[in-house]
């Protein structure tokens, strides 16, 4: 991958990759659970869209709109959170930067859903929902960290092939 010196671009790309990994994680978990159609956790439910609808003061938007608002929220805050990883990485080495990054994301998830989405507190979430939340956020954090690292590390210099390598 090329070296990207512009930190906001690198952060947005890392966050987008993380969001993609999180989305694929949900698809994989859904497959492992026999194609479950019910929400796997609160991030996977209508709650994010309900929160956005409430903040936008939309009255009775309907489930389809809430689903779209939730997807829009995920695909906007996911890339934005990638900026946080780049900032942490500029001050801290790995894996500490990613550990703090992941703890921040999980803290936000576990506190904002009960506060803004009126979900139960996390200690009342079912074990499958809590496990899904942790696994999908780990996928996001790990992917964002790897992409940030790849985009911020210069590629090794090219060398001419010797006769022995040809």
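What's the FRET efficiency of residue 68 with residue 38 using the Cβ-Cβ distance as r and R₀ = 30 Å, to the nearest 0.05? Working from the Cβ atoms, E equals 0.95. Its Cα gyration tensor gives the chain an equivalent ellipsoid. The semi-axes, each the square root of 5 times an eigenvalue, are 35, 18, 16 Å from largest down.
Shape class for the range 1-96, computed from the alpha carbon gyration tensor (a ≥ b ≥ c): oblate, with a/c not under 1.5 and a/b at or below b/c.
Extension gain, residue 31-residue 124: 0.36 nm per intervening residue step, less the Cα-Cα distance, totals 31.0 nm. Taking Cα atoms, how many degrees apart are the long axis of helix 96-117 and the longest axis of the chain, rounded to 10 and kept between 0 and 90? Rounded to the nearest ten degrees, it is 20. Contact order, relative form, for the chain: 43 percent (alpha carbon pairs under 8 Å, 6 or more residues apart, mean separation divided by residue count). If you plug the beta carbon distance of residue 134 and residue 158 into 1/(1 + (r/R0)^6) with R0 = 45 Å, you get a FRET efficiency near 0.65. Sorting 148, 68 from the fewest to the most surrounding beta carbons within 10 angstrom yields 68, 148.
Cβ crowding within 10 Å ranks 43, 149 as 149, 43, fewest other Cβ atoms first. Extending 7 Å from Cα along the Cβ direction at residue 4 and again at residue 108 yields two label points whose distance is 1.8 nm. Seen against the Cα atoms of the chain and their longest principal axis, helix 63-91 is set at about 40 degrees.
For the chain, modelled as a GNM whose springs connect Cα atoms under 10 angstrom apart, the maximal fluctuation among 142, 53, 12 occurs at 53. The angle between the Cα long axis of helix 7-32 and the longest principal axis of the Cα atoms of the chain comes to about 60 degrees, rounded to the nearest 10. Of 153, 109, 23, the residue with the greatest mean-square motion in the GNM of the chain, using alpha carbon springs below 10 Å, is 153. Result for the chain in a Gaussian network model with C-alpha springs under 10 Å: among 94, 66, 50, the largest mean-square fluctuation is at 94.
Coordinate-derived values only; no laboratory data. It should be emphasised that the depicted structure is a prediction, and the values quoted were computed from it without experimental measurement. Ideal geometry is used to build each Cβ from the backbone, glycine not excepted, and the neighbour counts take in all protein chains shown.
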